[in-house]
Amino acid sequence: MDAFLQPWPWYVAGPILAIIMVLLLYFGGYFGVSSNLRAICSMARGDKFSDFFKWDWKSQWWNLLFVVGAIIGGVIAANYLTTSENIVLNPETVTALQELGFENPGSSFLPSEIFGVESVLSLKGILILLISGFLVGFGARYAGGCTSGHAISGLSNLQLPSLIAVIGFFIGGLLMTHIFLPIIF
Amino acid sequence: MNYLKFLLLGVGFGIMMAKAEIISWFRIYEMFRFESFHMYGTIGSAVTLGVLFIFLIKKFQITTQEGEPMSIAPKKMSITRYLLGGILFGLGWALAGACPGPMFVLVGYGYLSLLIVISGAVMGTFIYGIFRKRLPH
């Protein structure tokens, strides 16, 4: 039980991801979380503005349920399965973050400098949250999938488009981490 | 029951993503600095097993619960959309420290500011839908 409450290693997380992908396929769905964002747009009558939102989103009910489950999983993990939120980071990562002005890196899952109340109530803070989300949503649909659809499902199916998308994910991520984050903070 | 299995898979996904710290902004930052094996090990082992599972599914023509052929829909070949879309996604991923799945898990975990990130993601999806025909694909 103690090992269960400790942070799970990658060799537990990775196989669970693969099993979830296969079970979703077996149940007649697929592993692709960002499709739900398109379904939300359609639900909000986005079909009045673009044909892109005229699709059979109601057949995606299973995917929306998967996301509701993910939220519940977060609640369960936070309240019953976590003894400490402290994350053991590479000391070099900690130093780099302190140089950017982040206090106590790894003392919780997210940096309060971005996600804390003070940040949310400032113009810069709310823009960071909105723009980061915007890029994820826009980029995922432009690329035809996100980490689950391309990096896990697509690569497992040995699809070249997914490999190109994953290379793109990394180019963007490296640019943000090494060039833009030091400018923003 | 038809509904419950997807809900339960989501619950398992959410618990695993939280317990393996994949929902942590810091883990994503560390990954893009190549200072930890954790995320590479996670994605690497998932894909390695995934390739094996998909290979076996195709080889033995395993069907879904409903008896339909089990497969992942192929994507149309292009470079522009996957590379450009991918780069934009990556910029957002490293700034938010979360891709779509973790965003929802984090809301459940109690980080409600992720609701703002999710509304940004819905807006991004919406704007893509509006300008889709004018974008190079």
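Only the coordinates and a few stated rules stand behind these numbers; no lab work does. Keep in mind the model is a prediction, meaning the values are calculated, not measured. Note that we place each Cβ from the backbone using ideal geometry, even for glycine, and neighbour counts take in every protein chain shown.
If a/c stays under 1.5 just call it rounded; otherwise compare a/b with b/c (prolate if a/b is bigger, oblate if not). Do that for chain B, with a ≥ b ≥ c from the square roots of the Cα gyration tensor eigenvalues.
Values: a/c = 1.41, a/b = 1.16, b/c = 1.21.
Rounded.
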A correct Karplus calculation of ³J(HN,Hα) over region A:103-118, with 6.51 cos²θ - 1.76 cosθ + 1.60, θ = phi - 60°, whole Hz and x for Gly and Pro, returns 8, 6, x, x, 6, 8, 5, 10, x, 5, 4, 10, 10, x, 4, 4
Counting other chain Cβ atoms within 10 Å of each Cβ in A:104-117 and taking the mean gives 5
Listed residues B:ILE62, B:ILE28, B:ILE72; largest mean-square fluctuation, Gaussian network over chain B with Cα springs below 10 Å, found at B:ILE72
Taking the alpha-carbon centre of each part, the distance from region A:117-142 to region B:65-95 in Å is 22 Å
Mean separation of Cα contacts under 8 Å (at least 6 apart) over the residue count of region A:51-152, i.e. the relative contact order in percent, is 13 percent
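Using a/c under 1.5 as the rounded threshold, could you call region A:74-185 rounded, prolate or oblate? The axes a ≥ b ≥ c are square roots of the C-alpha gyration tensor eigenvalues, and prolate needs a/b larger than b/c, oblate otherwise. Kindly include the intermediate steps, with their values, before the conclusion.
Numbers: a/c = 1.70, a/b = 1.41, b/c = 1.21.
The shape class here is prolate.
Please give the charge dipole size of the protein assembly as shown, origin at the Cα centre, charges +1 on K and R Cβ atoms and -1 on D and E Cβ atoms. Round to the nearest 20 debye.
Details: 19 positive and 15 negative charges, 282 e Å.
Using only the charged Cβ atoms, the result is roughly 1360 debye.
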Checking rank on B:107-118, A:138-149, with mean other Cβ inside 10 Å and highest first, the result is A:138-149, B:107-118
Within 10 Å of the Cβ of an average residue in A:84-91, the count of other chain Cβ atoms is 4
Within the set A:ALA18, A:ALA151, A:ALA44, GNM on chain A using Cα springs under 10 Å gives the largest fluctuation to A:ALA44
When chain B is treated as a Gaussian network with springs between alpha carbons less than 10 Å apart, the largest mean-square fluctuation among B:LYS58, B:LYS19, B:LYS75 is found at B:LYS75
In deg cm²/dmol, rounded to the nearest 500, the helical mean residue ellipticity at 222 nm of the protein assembly as shown, built from -39500 (n - 2.57) for every DSSP H run of length 4 or more, is -19500 deg cm²/dmol
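Only loop residues by DSSP count here, and only those with at most 15 other Cβ atoms within 10 Å; note down the trypsin sites (Lys or Arg not before Pro) in region A:12-61 that meet that.
Numbers: sites: A:ARG38, A:ARG45, A:LYS48, A:LYS54, A:LYS58; in loops: A:ARG45, A:LYS54.
Qualifying residues, ordered by number: A:ARG45, A:LYS54.
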Mean other chain Cβ within 10 Å across A:47-53 is 4
Quick calc, chain A, dipole around Cα centre from Cβ unit charges on Lys, Arg (+) and Asp, Glu (-), nearest 20 debye, gives 800 debye
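Which value, to two decimals, describes the C-alpha radius of gyration of the protein assembly as shown once divided by 2.2 N^0.38 Å? Don't jump to the answer; show the numbers that get you there.
On the way: Rg = 18.5 Å, N = 322, 2.2 N^0.38 = 19.7 Å.
Compactness ratio reported: 0.94.
What is the order of B:MET17, B:MET31, fewest Cβ neighbours within 10 Å to most?
Details: B:MET17 28, B:MET31 24.
Taking fewest neighbouring Cβ atoms as first place, the list is B:MET31, B:MET17.
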